[in-house]
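What follows is a single structure, written as structure tokens, with notes after it.
The values are calculated or read from the model by the stated rules, or taken from the named source; none is laboratory data. Note that the coordinates shown come from a computational prediction; the quantities given were computed from them, not determined experimentally. Note: ideal-geometry Cβ built from the backbone for every residue, glycine included; neighbour counts use all protein chains shown.
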Amino acid sequence: MRVLCFSSFTFSYLNRARVLYRTLRRYHPEWRLVALITDRPPPGVEIDLVAEDFDEIVWFEDLNLADASAWLFGHDIVEACTAVKGPYMHQVCEAGVVDAIVYLDPDTALFNRLDPVIDLLAVHGGVLTPHLLEPEDRPQAILDNELATLRTGIFNLGFVAIRTDGEGAAFARWWNDRLLSYCYDDIPRGLFVDQRWCDHVPAFYETFKVLRDPGYNVASWNLSRRKVTIDWAGEVRVNGSLLRFWHFTKLGPVGESMTRRYAGSNYEVYEIWSWYRRMVQATTDPRLPAGYWAYGTYADGRPIKKKHREQYRYQPELSARFPNPFDIGPESFQASLINDSLI
């Protein structure tokens, strides 16, 4: 089966993505690896594909979305990087050049091959992994994990795999449409970027498989019910199953706090996190400004506030009046905010 695997990220996550692609290249040298980048390089920085572990870069502009500047302005960095997953997946299905697509978040890393997923795609249209596989048994864990997934989605879309025909292609087309119009971090409106939409998948798509193997998508939100072991040969298992990939969400104080809360005395977890931090540090380009995103500012470098993006996307007349809201000058969207004392 011809497999394309991609991740979606910006330059601020390039170091994490490099770790992911290095592990993908190690375990799946036969896959086509694509970097979907919704960003532009900062001055003085270029990506040399010869030195990278991915085969191809697809830039945001390559997606050829309608009214691209206006669409992008209506999304913050997380919303944009999750929203483009649907259009790219749909376009790959339409191209018909591969049999299967695997998506992985840039802050994941493989520890074994994903052949079981590809085997599932021989008979299923797609594969999803839930955040949780078992009920929690402690009040704090119920609050942190079960209630949180009710807000953010039953399935973690840091991973999804589909066939490029049948229900897999139908899913990609539907997800494309929904993410182009409704991929926002807006929990009061029932939205959490791309994830809440996929709560519908088991009802909409009969052939999709919910993968209940604890070795997939291990993360802080499910460590309370997963025991990690490492044997004398270095093989990592989770509740007895081979560790396939780990999701190192929120690298830093938040992720580490949640990991400590639920790993407890499972010291193997800390060994894995220590390895990941070292890998990220080794792949960090010191030339990249912290938190860089080319689309995070107006053309004059002034930061775009989330409330400005929300105002623009929820008032359709603004996109007609200001087709490129990143522009500056007396007739720009930015100037209208300044005139109204909203900036």
Problem set entry | Qualifying positions in the range 114-139 - under 20 Å from the mean Cα position of the chain (by Cα) and assigned to a loop (DSSP other than H, G, I, E, B) | Leu114, Thr129, His131, Leu132
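Yes/no matrix, rows are residues, columns are (1) of a type in the set (Asp, Glu); (2) touching a Lys or Arg at 6+ places or on another chain (Cβ under 8 Å):
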residue: Ile37; (1), (2): no, no
residue: Glu61; (1), (2): yes, no
residue: Phe73; (1), (2): no, yes
residue: Lys85; (1), (2): no, no
residue: Leu121; (1), (2): no, yes
Problem set entry | Positions within the range 194-218 being in a loop (DSSP other than H, G, I, E, B) and either on the phi < 0 side of the Ramachandran plot or surrounded by fewer than 22 Cβ atoms within 10 Å (Cβ to Cβ) (or both), in sequence order | Asp194, Gln195, Tyr205, Glu206, Thr207, Leu211, Arg212, Asp213, Pro214, Gly215, Tyr216
Problem set entry | Val210 being modelled with pLDDT of 95 or more and within 22 Å of the chain's Cα centre (by Cα) | yes
Exercise. So, of the residues in the range 20-40 that are in contact (Cβ under 8 Å) with a residue 60 or more places away in the chain and under 18 Å from Arg287 (Cβ atoms), which turns out to be surrounded by the most Cβ atoms within 10 Å (Cβ to Cβ)?
Worked result: Asp39
Problem set entry | Residues of the range 258-281 satisfying the condition of being over 18 Å from Tyr21 (Cβ atoms) and not hydrophobic (A, V, I, L, M, F, W, C) | Thr259, Arg260, Arg261, Tyr262, Gly264, Ser265, Asn266, Tyr267, Glu268, Tyr270, Glu271, Ser274
Problem set entry | Close pairs (8 angstrom Cβ cut-off, 6 or more residues apart or separate chains): farther than 18 Å from Lys227 by Cα in the range 246-267, surrounded by fewer than 16 Cβ atoms within 10 Å (Cβ to Cβ) anywhere | Leu251/Arg277
Exercise. Residues in the range 1-9: is at least one in contact with a helix residue (DSSP H, G or I) (Cβ under 7 Å, 6 or more places away or on another chain) and surrounded by fewer than 16 Cβ atoms within 10 Å (Cβ to Cβ)?
Worked result: yes
For this session: Could you list all residues from the range 283-302 that are more than 24 Å from Asp107 (Cβ to Cβ) and touching a Gly at 6+ places or on another chain (Cβ under 9 Å)?
Result: Ala299
For this session: Could you tell me which of the residues Trp232, Trp275, Trp221 is assigned by TED's automatic domain parsing to the domain that holds Leu157, at pLDDT 95 or above and at negative phi?
Result: Trp275
Exercise. Do we have Asp55 as at pLDDT below 95, more than 18 Å from the chain's Cα centre (by Cα) and surrounded by fewer than 18 Cβ atoms within 10 Å (Cβ to Cβ) here?
Worked result: no
Exercise. Within the range 80-97, is there a residue that is within 26 Å of Tyr262 (Cα to Cα) and not acidic (Asp, Glu)?
Worked result: no
Exercise. In the range 274-303, which residue that is basic (Lys, Arg) and within 20 Å of Phe248 (Cβ to Cβ) is surrounded by the fewest Cβ atoms within 10 Å (Cβ to Cβ)?
Worked result: Arg278
Exercise. Ser181 versus (1) touching a Lys or Arg at 6+ places or on another chain (Cβ under 8 Å); (2) part of a helix (DSSP H, G or I); (3) of a type in the set (Ser, Thr, Tyr): which is the lone unmet condition?
Worked result: (1)
Exercise. Restricting attention to the range 94-116, does a residue exist that is in the same structural domain as Ala17 (by TED's automatic domain parsing), under 21 Å from Ala203 (Cα atoms) and crowded, with 22+ Cβ neighbours inside 10 Å?
Worked result: no
